[in-house]
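Asks: Below you'll find the structure I mean.
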Amino acid sequence: FFLKEREGGGARRLVVPFLPWRPIVEWVASCRATRQGKALEARRKQARMGVVSSHPSAAADEKVAAQNIGHFDNTYDAALLASSEGLVPEATANNQPNPDAVAKVGPGRIVALVMKFERVEVKETLRLPGEGPTTRVLTAVPYGSLKSLHWDHSVSAVKLVMAGTRERPSEDAFLALKVPNSLELESEAKLRLRGLASASGAQAIHLSFTYVGVYAGPTKPKPFQRKRANLGKHEQGKLPPLTTMREVALARHTGSGAPTRSKVSKRLRHAIDEIHKGVCSFTVVNAQERGKPPSTQMLAVESRLQLCPGYPPDVPGVAYAEGQRLIIRCDWGDVLRYEVWDRAHQGEHANGVEFFLKDGRIFFFVVLDVLQLAEAVEHFWNRTRAAKKLPPMPRSTHGREVQKITTLHGEIEAPPAPEGDLDVLDEKGVLVRRGPSSRETTTRQQQESRPSRDSKRVVQVHAGMAKRKSTLVGSVIKGKKPLDFRTNPRAAKYWDSMVKHQGWLLKLGGVGLKRQWIKRYAVLYSTAMGHFLCYYSDFAKSPLFHVEERERRVIDLSKTTFVRPVSNNKEAPTNSFDICTIEREWTLSAESKASMQQWLQVITRAVDEDVAVVPDDELVFTVKPRVDPSGKLLKNEYSTALKVSASGVSVCHVAANDEFQEKFFWCYTDFFKWSILHHSGKTGLQVSIFTSTDFDVKDRQEFLFRTRDAVKLATAVEFYIEKFMAAMHLYLEGEESTSTPAPAPAALVDGVEAHVDDQKKTQNSNTNMNFDATAMGQDALVTDDLIGVEDDNNDDDDDLDDFSRRQQAENQ
C-alpha cells in the first residue's frame, strides 16, 4: 500500500487506499507535530534576528502537543539513584550499560525511563552469556498512582513518589532517577498528564511538583522549609547563642555594615569596577609600614590599594601605589596572613586591613569602605587557598566553595561546579572568540588529526564588525555606524577567570504597546562582591569589546529568593525561567532546553555560593501603624517607614523633609513571629517582638502595620533572616580559634579624623557622579507576584484592628 499526495486548490489532499486506522492516526499526528516544529523553528529564527512576536503562542503549542503526545512513547537514558525496598529487583552482574548512556548520565545503574500513554516504565537491558541482549521491566507506575514529583534540576534528577506497595501499604514508595535533561522530562510529564485527562475525559490528575534547593514552582516557597547549600564544616542548622548573634547584628548595623540608601549599593559599585577593570580598587586614607614613620607624601596624592586574583605576568594580586610611585607589588602567595581592624561601631576611624608579607614587611591600610575591603580580601584569600586544597578563612563568607548540598536522597558532598560556555557567539551563532576550554580541545584535536567539536561553528568566523540594532532614523539621521568589536586587551587578561557563563537570552523590552521579546547578551560574573548577571544589547557592548559601562541591567544574585525553572509569565516563549529577587522578578528565555538547563545550573550554583553574601543596601516600606504598644509612632498615618536591611529592621518616622528618624531597631533575633493579615480587602503585617535580652516569650510586644506591600515586606524579612542565619552558621568556625587583631598603629590614628571626613565628602560625590544604578535601562519585565493586594481609597481599618485583636486572643 502507498499514499499519494497532490496539490489542489492551494491545499494538500491525501488519497489514501485501505490502511489500518492506527498507523494513519500516528502518521497524521506526526505530520501535525512536524508542522508545529516548523512553526517553532520559524519563531526561533525570528528570535535569532533579534525580534520575537509577543503573541502567546507557547500556550497554544502546549495544548496541541498535549493532545498528540499520547500517541508516542519517549525513552530517556537514566541512572537509578535510589528506590524504596522491594520496588525494583536487585541489580545483576549481567547488566552491561551502554557507554553512550553512561556518558550522558554518569556512572551508576543504567536504566531506561519510558514515558507511555498511561504509565511510566523503568527498563533494564541484560546481556546473558551466549544470548543476545534482553530487556526486562523493573517497575511500571501508572500516572494515577503518583502522589508527587520532586525535581532537582541542579543535578538533573527526579524523584517519583507513589502510594505504598502491598507489603507496606502505609509507606510511600519512591524512585529517584538521574536523566540527561530533567527540564525536558518535567515538560513532558506535564503534557502527558494534561493529555491523559483530555483523551479519557476523566478528571485531571493533580500532582504535587516540588523542588529542591533554590528552585520553586508557581507559588513562593514557605520560609525556612528549604535546606540551602552548606558552605561550612558544621552541621546544617547549628547557630551561636542568641545573645552572641544579637551583639554581632548590632555591631554591624551601627558600624561599617550600616545599610546604604536604597539602590545606592557600595557592593554594586565595587563589582562594576571589578568587571570593567579586573581589580578591586580602594582609596587609602592613610597607610603605614610597621617600624617606619608615617608617609607625608600620600596626603598630597591619591593612594590606591588594588586587589585581584593575579594575572601573570604583569598584573599582581596585591598592589599599593601613592600617586605614580608603586610601594607594594606581590602575589597572594607572598602574603602570610592578614587581619581586619573594624571598630567603626565603637567610634574608631582608623579601620582597615593589615597585611603580613613574606619578606617581613607589615603594612596597615586605612580605608572608608572597610567592610567591602574585608570581603574582597577574604574572597581572593579563600580562592587562593582553595586552589591549594586548604580550608577557607574562619568566619569568612566570600570566596567559599559549596561543601554539601541537599538532594532528592539526602545531604551529599557537593558535586563539581557546572562548567559554563565561554565561547562568544554573535546573534546568528557565528563564533567570535573561543573560550579557554575550546582552545585546549582544538589544539589537542589538531595534534591528533581529528576534526574539532566546534568545526561547524568555525566554518564561518565573524568578520569583525557587529551590526548595530537601530532604526532607519538612527542609521540615517543620527549617522550610527556598525561597531568595531576588537578585543579589549585589558579585559582579555581576566575575562576567562571572572566570567562563569555567557550567551544570548530573550527578555521582554519596549514601552507600552510596542513591548516585544528581544535578544540580549547575558554574562554571569564572579566578583569579589558576589555573583552578578549582566546583560547587554549586543556582545560587542560587553567589557571584552567595549571600554565604557554599557550594562543594560545588573542582577545581583545574592538577592535571589528562588528560581522558577518554568516561568509564571503566560506570554513568555518556550524555555523561559524566572529569577525572583527581593526587589523584582526577571523572566528570561533560552534558545533550547539544553541551553536553559545550563543557564539554570550555573545560576543556581552561583546563588548557592552566595548563600551567606548579604546585600548592603536597604528596602524601605512606608506603612501605617494600627497597633503600637510602644507609643512612639503616629497611628493611622502613613508616616512610618520600615527599613529592612542585613542586620534587622529599622522603624523610622518620616519627617516633613523626607528624612528618616529612627525610633527603634529590631535585630532579627528579636523577631518571635510575623504573619500577614487579610480582611475585607485590607492587608497588614503583624509582628511579635521580644522586649527583653533574655528572649522570654512573656516579654513581647505585638505591632500591626497597614500596607498593601505586606507580602513583599514579609518576603524581605524572611530573606534577610535566612541570610543572617547562614552568616551566623559560619560564625561558629571562629569559636575554635578566636584571635584578637593587633591594635592599629598609634601614629596612624593621630590626625586621621579630619582626613577621613574630607575623603568621605570626596567619595560620596564620586559615587553619585560615576555610577547611577537607576539609569541602566528600563526595558525588563516586572511582575506583581510578590506585591500583594492592590490598595484602595478606603482608609477605614477598624475591621483590620478587630481582626487583629481576635487573632491575638486566639494565640493567647
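The values are calculated or read from the model by the stated rules, or taken from the named source; none is laboratory data. For clarity, every value in this text was computed on a predicted model and none was experimentally measured. Don't worry about glycine lacking a Cβ; one is built from the backbone with ideal geometry, like all the others, and counts go over all protein chains shown. What goes into the accessible areas is simple: the full protein's heavy atoms, side chains included, and nothing from ligands, DNA or RNA. Shrake-Rupley method; radii C 1.70, N 1.55, O 1.52, S 1.80 Å.
Asks: Counting only heavy atoms of the protein chains, get the accessible area per residue of the range 311-401 (1.4 Å probe) and round it to a whole Å² value. Don't jump to the answer; show the numbers that get you there.
Replies: Numbers: 3980 Å² over 91 residues.
Ligands and nucleic acids excluded, the result is 44 Å² per residue.
Asks: Working out 0.36 nm times the residue gap between Asp334 and Arg109, then minus their Cα-Cα distance, what length gain in nm do you get to one decimal?
Replies: Extra length available between Asp334 and Arg109 comes to 76.2 nm.
Asks: Just report the Cα centroid separation between the range 624-653 and the range 486-539, whole Å.
Replies: 39 Å
Asks: Could you check the spin-label model distance between Ser595 and Ala656? Points 7 Å from the Cα along Cα→Cβ, value in nm.
Replies: 5.8 nm
Asks: For Thr622 paired with Ile205, estimate the spin-label separation in nm (one decimal), with each label point 7 Å from Cα along the Cα-to-Cβ line.
Replies: Going from the Thr622 label point to the Ile205 one covers 5.2 nm.
Asks: List, in order, the whole-Hz ³J(HN,Hα) value for each residue of the range 174-184 obtained from phi through the Karplus relation with A = 6.51, B = -1.76, C = 1.60 and θ = phi - 60°; use x for Gly and Pro.
Replies: Those phi angles translate into 9, 8, 10, 10, 10, 10, x, 9, 5, 5, 5 Hz.
Asks: Tally Lys/Arg at +1 and Asp/Glu at -1 over every other residue whose Cβ is under 13 Å from the Cβ of Leu633; what's the total? Walk me through the intermediate numbers first.
Replies: Details: positive: Lys624, Arg626, Lys632, Lys635, Lys663, Arg706; negative: Asp628, Glu637, Glu662.
Computed value for this residue: +3.
Asks: Still on this structure, I have one more. May I ask you to derive the relative contact order of the range 547-611, considering only C-alpha pairs under 8 Å and at least 6 residues apart, and to give it as an integer percent?
Replies: Averaging sequence separation for qualifying contacts and normalising by length gives 28 percent for the range 547-611.
Asks: Full-extension gain between Asp359 and Gln403, please, as 0.36 nm times their residue separation minus the C-alpha to C-alpha distance. Mind dumping the intermediate values first?
Replies: Values: separation 44, 0.36 × 44 = 15.84 nm, distance 3.41 nm.
Taking 0.36 nm per residue and subtracting the Cα distance, the gain is 12.4 nm.
Asks: OK, next. In whole angstrom, note down how far apart the Cα centers of the range 309-346 and the range 367-398 are.
Replies: Here the answer is 13 Å between Cα centres.
Asks: Let me ask something else about it. Which residues' amide hydrogens lie under 5 Å from the amide hydrogen of Ile205, considering only partners 5 or more residues apart or on another chain, with H built in the peptide plane?
Replies: Ala197
Asks: Then there is this: Under a crude label model (7 Å from the Cα following the beta-carbon direction), how far is Gln346 from Asp694 in nanometres?
Replies: With each label placed 7 Å out from Cα toward Cβ, I get 2.9 nm.
Asks: Moving on to the next point. Taking amide H atoms as placed 1.01 Å from N in the peptide plane, list the residues 5 or more away in sequence, or in a different chain, whose amide H sits under 5 Å from that of Phe485.
Replies: Ala466
Asks: Fully extended, how many nm does the chain gain between Ser262 and Lys663 (0.36 nm per residue separation, minus their Cα-Cα distance)? Don't skip to the end; give the middle numbers.
Replies: On the way: separation 401, 0.36 × 401 = 144.36 nm, distance 1.92 nm.
Fully extending the segment from Ser262 to Lys663 adds 142.4 nm.
Asks: Work out the FRET efficiency for Leu126 and Phe72 from their Cβ-Cβ distance, taking R0 = 22 Å, and round it to the nearest 0.05.
Replies: Numbers: r = 26 Å, r/R0 = 1.17.
Approximately 0.30, to the nearest 0.05.
Asks: Exceeding 21 Å between C-alpha atoms, which entries from my cross-link table qualify? They are Lys428/Lys493; Lys227/Lys559; Lys227/Lys723; Lys220/Lys723. Write down the numbers at each step before the final one.
Replies: Details: Lys428/Lys493 26 Å; Lys227/Lys559 17 Å; Lys227/Lys723 13 Å; Lys220/Lys723 17 Å.
Flagged as over cut-off: Lys428/Lys493.
Asks: Enumerate the calculated ³J(HN,Hα) couplings along the range 600-610 in order (Karplus 6.51 cos²θ - 1.76 cosθ + 1.60, θ = phi - 60°), each rounded to whole Hz, writing x wherever the residue is Gly or Pro.
Replies: 5, 5, 6, 5, 5, 5, 5, 5, 5, 5, 9
Asks: Cross-chain or 8 or more residues apart, Cα under 17 Å: how many lysine pairs in the range 604-705 fit that? Count them up, please.
Replies: 11
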